[in-house]
1. Would you check if S115 is within 14 Å of ligand 1 (Cβ to nearest atom), assigned to a loop (DSSP other than H, G, I, E, B) and farther than 30 Å from H241 by Cα?
2. I need every pair where a residue in the stretch 65-81 that is of a type in the set (S, T, Y) and surrounded by fewer than 23 Cβ atoms within 10 Å (Cβ to Cβ) has its Cβ under 8 Å from the Cβ of a residue that is in a loop (DSSP other than H, G, I, E, B) and at pLDDT below 95, sequence separation at least 6 or different chains.
3. Mind checking whether some residue in the stretch 35-49 is crowded, with 20+ Cβ neighbours inside 10 Å, at pLDDT 95 or above and out of contact with any helix residue (DSSP H, G or I) (no Cβ under 7 Å at 6 or more places or on another chain)?
4. So M20 passes all but one of these: (1) among the aliphatic types (A, V, I, L, M); (2) away from ligand 1 (no atom under 14 Å from the Cβ); (3) under 15 Å from the mean Cα position of the chain (by Cα). Which condition number does it fail?
5. Inside the stretch 200-214, can you point out the residues that are in a loop (DSSP other than H, G, I, E, B) and surrounded by 24 or more Cβ atoms within 10 Å (Cβ to Cβ)?
6. When the stretch 23-32 is examined, which residues are found to be more than 9 Å from ligand 1 (Cβ to nearest atom) and touching a strand residue (DSSP E or B) at 6+ places or on another chain (Cβ under 6 Å)?
Amino acid sequence: MKDILTAPWMVEMIRTPTNMYDHGWDERNGGNISLLLDEADVAEYLDPAQVLRTIPTGFEAPALEGKYFLVTGTGKYFKNVQYAPEVNLGLVRLTERGTQAELLWGYEDGGKFTSEFPAHMMSHVARLRVDPANRVVMHCHPANLLAMTYVHDLDERAFTRTLWQMCTECIVVFPDGVNVLPWMLCGTNEIGEATAEKMETARLVVWAQHGIYGAGKDLDETFGLIETAEKAAEIYMKIAHLPRVNTITDAQMHLLEQRFGVRGRDGYLD
Ligand code: 13P
Ligand code: ZN
């Protein structure tokens, strides 16, 4: 068996939360990540028959039966992942229609997966339906996106249009726009179901007064997606209180669509 800490996906799963912490997106235990792995990737580094313990998930997700996920632990600090990955991360396999998670590695202090496991797993199901290449769900608390939910209309079209107008390449990076959930109690199956429903039409879902969810094919791409939206929100928070003299017009957005071969969400551009 190879050393699991040298697996390329493990190296990325250590670098990414470290980088997110450095960006100020994950104070204390804020934020969580789940990465879908293939059995073939995992089998090089551990014996899939060796189950350390079984943890009930509290929900059903039959579509994920037999699937492997590397997931950040609940209450764990992103800044500490690099120093003790085997405590702050865990590798689980879902069984029994997704109601049980078999721990194969990690959570060495007796811990378990993030309290946002329902939102993560239900979002994986939703994204895999529209994009079979999806592997990552990522949640964090970036300050400007959060701030924006206090002062901007939460209407999804309006919120998306504002973000698209803040940086030329936003519409290219997230043409589906940003979906928005009103404040809801976090860590519940209800917010998980609501997030997954929003994930059917966009890869970014804002949780008002809380944070954001992103989904993508790898950790780097998903990080970049959130990074782009957060940059746009930062610009909005710098200019929101000033008179708007210039903007990116819808006609210019259409030029971007043509140049980059993307299509903004139906009905979002005039
Ligand atoms: P966990 O520590 O359970 O991952 O929760 C952090 C968080 O961001 C909740 O939304
Ligand atoms: Zn959170």
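1. Details: within 14 Å of ligand 1 (Cβ to nearest atom): yes; assigned to a loop (DSSP other than H, G, I, E, B): yes; farther than 30 Å from H241 by Cα: yes.
Taking the combined requirement at face value, the residue satisfies it.
2. Note: no pairs meet the criteria.
3. There is at least one residue in the stretch 35-49 that is crowded, with 20+ Cβ neighbours inside 10 Å, at pLDDT 95 or above and out of contact with any helix residue (DSSP H, G or I) (no Cβ under 7 Å at 6 or more places or on another chain).
4. Single failed check for M20: (2).
5. Within the stretch 200-214, the subset in a loop (DSSP other than H, G, I, E, B) is 200-203, 208-210.
R203 - this is the single residue of the stretch 200-214 that is in a loop (DSSP other than H, G, I, E, B) and surrounded by 24 or more Cβ atoms within 10 Å (Cβ to Cβ).
6. Matches in the stretch 23-32: W25 only.
To keep it simple, each residue is scored yes or no on (1) closer than 24 Å to R263 by Cβ; (2) in contact with a helix residue (DSSP H, G or I) (Cβ under 7 Å, 6 or more places away or on another chain); (3) among the hydroxyl-bearing types (S, T, Y); (4) part of a helix (DSSP H, G or I).
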site	(1), (2), (3), (4)
M138	no, yes, no, no
A147	no, yes, no, yes
F159	yes, no, no, yes
T162	yes, yes, yes, yes
V172	yes, yes, no, yes
W183	no, no, no, no
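The values are calculated or read from the model by the stated rules, or taken from the named source; none is laboratory data. These figures come from a predicted structure and were not determined experimentally. All Cβ positions, glycine included, derive from the backbone under ideal geometry; neighbour counts span all protein chains shown.
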